[in-house]
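Report on the following structure.
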Amino acid sequence: MRPVLPRIRTFYGADPLHLLALIICFTLAGYAAYRLASTKHWPFVLAWFAGAVIGHDLVLFPLYALADRSLLRGLRSLRAGQGATRPAVPVVNHLRVPAAGSGLLLLLFFPMILRQSEQRYMAAGGRTEDPYLWRWLLVTGALFALSAITYAIRLGRARTRRDPPADHEHAIADKRHD
(Lines give C-alpha, C1' and ligand atoms only; values in the text may rest on other atoms or scores of the structure.)
Protein backbone atom coordinates (compact mmCIF):
# COMPACT_ATOMS: atom_id res chain seq x y z
CA MET A 1 0.00 0.00 0.00
CA ARG A 2 1.32 3.46 -0.98
CA PRO A 3 1.78 6.16 1.65
CA VAL A 4 -1.05 8.65 2.07
CA LEU A 5 0.78 11.91 1.19
CA PRO A 6 1.88 10.86 -2.32
CA ARG A 7 -1.65 9.61 -3.04
CA ILE A 8 -3.12 12.96 -1.94
CA ARG A 9 -0.54 14.81 -4.03
CA THR A 10 -1.36 12.65 -7.05
CA PHE A 11 -5.13 13.01 -6.61
CA TYR A 12 -5.16 16.72 -5.68
CA GLY A 13 -2.30 17.83 -7.91
CA ALA A 14 -0.49 19.88 -5.28
CA ASP A 15 1.02 19.57 -1.83
CA PRO A 16 -1.43 18.73 1.00
CA LEU A 17 -0.38 21.97 2.76
CA HIS A 18 -1.79 23.86 -0.23
CA LEU A 19 -5.13 22.13 0.27
CA LEU A 20 -5.02 22.91 4.00
CA ALA A 21 -4.27 26.57 3.31
CA LEU A 22 -7.19 26.77 0.88
CA ILE A 23 -9.55 25.15 3.38
CA ILE A 24 -8.47 27.66 6.03
CA CYS A 25 -8.89 30.61 3.62
CA PHE A 26 -12.35 29.49 2.50
CA THR A 27 -13.38 28.91 6.12
CA LEU A 28 -12.25 32.41 7.07
CA ALA A 29 -14.00 33.93 4.04
CA GLY A 30 -17.18 32.02 4.90
CA TYR A 31 -17.05 33.26 8.48
CA ALA A 32 -16.58 36.85 7.26
CA ALA A 33 -19.52 36.47 4.84
CA TYR A 34 -21.67 35.03 7.63
CA ARG A 35 -20.80 37.94 9.95
CA LEU A 36 -21.43 40.45 7.17
CA ALA A 37 -24.81 38.92 6.30
CA SER A 38 -25.92 39.30 9.92
CA THR A 39 -25.53 43.11 9.82
CA LYS A 40 -27.83 45.67 8.28
CA HIS A 41 -24.94 47.29 6.35
CA TRP A 42 -24.23 44.35 4.04
CA PRO A 43 -25.59 46.10 0.89
CA PHE A 44 -23.13 48.95 1.38
CA VAL A 45 -20.21 46.56 1.87
CA LEU A 46 -21.29 44.58 -1.18
CA ALA A 47 -21.50 47.78 -3.25
CA TRP A 48 -18.07 48.87 -2.00
CA PHE A 49 -16.62 45.45 -2.86
CA ALA A 50 -18.15 45.51 -6.35
CA GLY A 51 -16.85 49.05 -6.87
CA ALA A 52 -13.40 48.04 -5.68
CA VAL A 53 -13.32 45.07 -8.05
CA ILE A 54 -14.53 47.16 -10.99
CA GLY A 55 -12.28 50.08 -10.05
CA HIS A 56 -9.25 47.83 -9.79
CA ASP A 57 -9.86 45.56 -12.78
CA LEU A 58 -11.14 48.17 -15.21
CA VAL A 59 -9.27 51.30 -14.13
CA LEU A 60 -6.25 50.72 -11.92
CA PHE A 61 -4.89 47.48 -13.38
CA PRO A 62 -4.66 48.81 -16.95
CA LEU A 63 -3.01 51.99 -15.64
CA TYR A 64 -0.29 50.31 -13.63
CA ALA A 65 0.20 47.63 -16.30
CA LEU A 66 0.76 50.45 -18.80
CA ALA A 67 3.15 52.17 -16.39
CA ASP A 68 5.07 48.92 -15.88
CA ARG A 69 5.33 48.25 -19.63
CA SER A 70 6.46 51.83 -20.19
CA LEU A 71 9.11 51.41 -17.50
CA LEU A 72 10.36 48.18 -19.07
CA ARG A 73 10.49 49.70 -22.57
CA GLY A 74 12.21 52.82 -21.28
CA LEU A 75 14.86 50.80 -19.45
CA ARG A 76 15.36 48.55 -22.48
CA SER A 77 15.76 51.50 -24.86
CA LEU A 78 18.07 53.28 -22.42
CA ARG A 79 20.24 50.18 -22.21
CA ALA A 80 20.19 49.75 -26.01
CA GLY A 81 21.12 53.40 -26.51
CA GLN A 82 24.18 52.95 -24.34
CA GLY A 83 25.12 49.74 -26.14
CA ALA A 84 25.11 47.94 -22.80
CA THR A 85 24.42 44.29 -22.32
CA ARG A 86 21.93 42.87 -19.86
CA PRO A 87 22.72 44.18 -16.35
CA ALA A 88 23.98 41.83 -13.67
CA VAL A 89 21.14 42.95 -11.39
CA PRO A 90 17.90 44.12 -13.05
CA VAL A 91 16.79 47.51 -11.79
CA VAL A 92 13.10 47.12 -12.60
CA ASN A 93 12.02 45.48 -9.32
CA HIS A 94 13.95 48.10 -7.38
CA LEU A 95 11.64 50.63 -8.99
CA ARG A 96 8.44 48.55 -8.88
CA VAL A 97 8.47 47.76 -5.16
CA PRO A 98 8.80 51.31 -3.78
CA ALA A 99 6.40 52.62 -6.43
CA ALA A 100 3.83 49.98 -5.44
CA GLY A 101 4.29 50.77 -1.75
CA SER A 102 3.95 54.48 -2.35
CA GLY A 103 0.93 53.97 -4.59
CA LEU A 104 -0.76 51.76 -2.02
CA LEU A 105 -0.21 54.37 0.69
CA LEU A 106 -1.60 57.05 -1.63
CA LEU A 107 -4.62 54.87 -2.36
CA LEU A 108 -5.27 54.27 1.34
CA PHE A 109 -4.76 57.84 2.51
CA PHE A 110 -5.57 59.97 -0.54
CA PRO A 111 -8.44 61.91 1.08
CA MET A 112 -6.08 63.07 3.83
CA ILE A 113 -3.05 63.52 1.55
CA LEU A 114 -5.06 65.64 -0.89
CA ARG A 115 -6.94 67.32 1.98
CA GLN A 116 -10.40 66.36 0.72
CA SER A 117 -11.93 65.57 4.11
CA GLU A 118 -10.55 68.43 6.17
CA GLN A 119 -13.78 69.39 7.97
CA ARG A 120 -14.84 65.81 8.82
CA TYR A 121 -11.32 64.89 9.92
CA MET A 122 -11.10 67.98 12.13
CA ALA A 123 -14.53 67.32 13.62
CA ALA A 124 -13.76 63.65 14.32
CA GLY A 125 -10.20 63.90 15.56
CA GLY A 126 -9.55 67.55 16.35
CA ARG A 127 -6.49 67.58 14.08
CA THR A 128 -5.69 68.91 10.66
CA GLU A 129 -4.62 66.91 7.62
CA ASP A 130 -1.48 69.02 7.12
CA PRO A 131 1.12 66.37 8.00
CA TYR A 132 -0.26 63.66 5.67
CA LEU A 133 1.24 64.99 2.43
CA TRP A 134 4.68 65.54 3.92
CA ARG A 135 4.68 62.19 5.70
CA TRP A 136 3.62 60.40 2.52
CA LEU A 137 6.40 62.17 0.60
CA LEU A 138 8.88 61.25 3.36
CA VAL A 139 7.83 57.58 3.34
CA THR A 140 7.97 57.53 -0.48
CA GLY A 141 11.46 59.00 -0.43
CA ALA A 142 12.55 56.51 2.22
CA LEU A 143 11.16 53.59 0.21
CA PHE A 144 13.03 54.67 -2.93
CA ALA A 145 16.21 55.40 -0.95
CA LEU A 146 16.10 51.99 0.74
CA SER A 147 15.51 50.37 -2.63
CA ALA A 148 18.45 52.29 -4.15
CA ILE A 149 20.73 51.19 -1.30
CA THR A 150 19.59 47.58 -1.76
CA TYR A 151 20.24 47.85 -5.49
CA ALA A 152 23.71 49.27 -4.92
CA ILE A 153 24.58 46.47 -2.50
CA ARG A 154 23.29 43.80 -4.88
CA LEU A 155 25.13 45.39 -7.81
CA GLY A 156 28.36 45.52 -5.81
CA ARG A 157 28.03 41.88 -4.83
CA ALA A 158 27.31 40.85 -8.40
CA ARG A 159 30.39 42.69 -9.66
CA THR A 160 32.67 41.12 -7.07
CA ARG A 161 31.34 37.66 -7.96
CA ARG A 162 31.79 38.31 -11.67
CA ASP A 163 35.24 39.94 -11.45
CA PRO A 164 37.54 37.90 -9.16
CA PRO A 165 40.46 39.79 -7.67
CA ALA A 166 43.74 39.81 -9.62
CA ASP A 167 45.57 37.86 -6.88
CA HIS A 168 43.04 35.08 -7.22
CA GLU A 169 43.64 34.91 -11.00
CA HIS A 170 47.41 34.67 -10.47
CA ALA A 171 46.91 31.92 -7.87
CA ILE A 172 44.84 29.92 -10.37
CA ALA A 173 47.45 30.46 -13.11
CA ASP A 174 50.23 29.38 -10.71
CA LYS A 175 48.38 26.18 -9.84
CA ARG A 176 48.05 25.32 -13.53
CA HIS A 177 51.79 25.68 -14.07
CA ASP A 178 52.60 23.38 -11.11
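Of all residues assigned to region 48-55, at least one qualifies as being aromatic (Phe, Trp, Tyr), in a helix (DSSP H, G or I) and either in contact with a helix residue (DSSP H, G or I) (Cβ under 8 Å, 6 or more places away or on another chain) or closer than 27 Å to Ala29 by Cα (or both). Scanning region 148-163 for residues that are out of contact with any helix residue (DSSP H, G or I) (no Cβ under 9 Å at 6 or more places or on another chain) and among the charged types (D, E, K, R), we see that the one that is modelled with the highest pLDDT is Arg157. In this structure, Gly51 does not qualify as surrounded by 10 or more Cβ atoms within 10 Å (Cβ to Cβ), over 24 Å from Leu107 (Cβ atoms) and modelled with pLDDT of 85 or more. Pairs linking a residue in region 136-156 that is under 10 Å from Val89 (Cβ atoms) and assigned by TED's automatic domain parsing to the domain that holds Phe109 to a residue that is among the β-branched types (Val, Ile, Thr) and surrounded by 12 or more Cβ atoms within 10 Å (Cβ to Cβ), with Cβ atoms under 7 Å and 6 or more positions apart or on different chains, are Tyr151/Val89; Tyr151/Val91; Arg154/Val89; Leu155/Val89. For region 7-32, which residues satisfy the criterion of being surrounded by fewer than 10 Cβ atoms within 10 Å (Cβ to Cβ) and assigned to a helix (DSSP H, G or I)? Answer for region 7-32, where residues must be surrounded by fewer than 10 Cβ atoms within 10 Å (Cβ to Cβ) and assigned to a helix (DSSP H, G or I): Thr10, Phe11, Leu17. Here are some conditions: (1) in contact with a Ser or Thr (Cβ under 9 Å, 6 or more places away or on another chain); (2) assigned to a loop (DSSP other than H, G, I, E, B). Leu106 meets all but one. Which one does it not meet? Result: Leu106 fails condition (2) only. Of the candidates Ala100, Ala65, Ala124, the single residue that is assigned to a helix (DSSP H, G or I) and surrounded by 13 or more Cβ atoms within 10 Å (Cβ to Cβ) is Ala100.
The values are calculated or read from the model by the stated rules, or taken from the named source; none is laboratory data. Keep in mind the model is a prediction, meaning the values are calculated, not measured. Ideal geometry is used to build each Cβ from the backbone, glycine not excepted, and the neighbour counts take in all protein chains shown.
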